[in-house]
1. For the ranges 105-112, 126-133, what's the packing order if you count other beta-carbon atoms within 10 Å of each residue, average per peptide, and put the highest first?
2. Please give the Cα centre distance for the stretch 218-232 versus the stretch 157-215, rounded to the nearest Å.
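All of the numbers you see were taken from the coordinates with simple rules; none came from a lab. Small disclaimer: the values here were computed from a predicted structure and weren't measured. Ideal geometry is used to build each Cβ from the backbone, glycine not excepted, and the neighbour counts take in all protein chains shown.
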Amino acid sequence: MGPPAVQPVISAEIHDASFARSLLTNCDVTGVTLPWETGIYRELFSDEPFAFQLVPKMPISNICHVSLEDDPQHVAATVASVAALDSDDPVFSTCMSSGDDEHYREIRQQLRDAAIGKLLLVLRHCLLASKTGRHIINLGTDAQQQAGAFDIVDSVIGVRSPNTVVKRANSLLSFLRWVAKSGIDEVNPFVEHVIWGYFQHLRITEAAATKADSSLSAFRFAYYVLGFDSLEDVVCSRRLLGAAEIMLSGKRLLRQSLTLTVHQVKCLHGTA
């Protein structure tokens, strides 16, 4: 009864030995590359001299003057005096910029006034093209229009964010600048075929991927808020929407930096 029980154990040992032999004969053990034998670590741990200077030389002689006869203490003191900070202010103060000391409401009001001024430039390009422009015309003389146009536009934009209004106004002004440079003779350039030419220009010049989409948002704003009737065909134009989508698809993915760890934040505060 004893021998049959021993036979499977002997067979398993023979199998393991043959597997180990096959593994060793098929592997190039002598060609294994260790981590410190590749890249910069190979040069750091090698006995051979560096192919290039690891630490660049600093032109100390350009900022401080020492001679060969000077003692080491004098040389060290001279170099240290050059590297010393002249100011008693903390280190972080050199990384800070001056900010606006005005109240939040005052800052928003200034931004809103700037946005209204830009929209007035857009409207005056052709006052008859929009309902808001026609409201300004109905005020009467040029002096009356100058006096009352600001209040009309201020009421038209309502409670919309000044940042959004400025963004839309900048897109509209960018379009009008292209119209002026292109020499287009349209009295009212806010029409579909002119804007199609503008989008073609953006595609050919490889403008920012979001520029066409931002322009469409500005044209929607001009149509629904400012009352540019001629933009009705623009906001539903399939070729304009498709062109904006194609250009927007070329936008690279957002790659944000990693969140700072607690240790990194402590190091930053310690450095300051």
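1. 126-133, 105-112
2. A separation of 12 Å, based on Cα centres.
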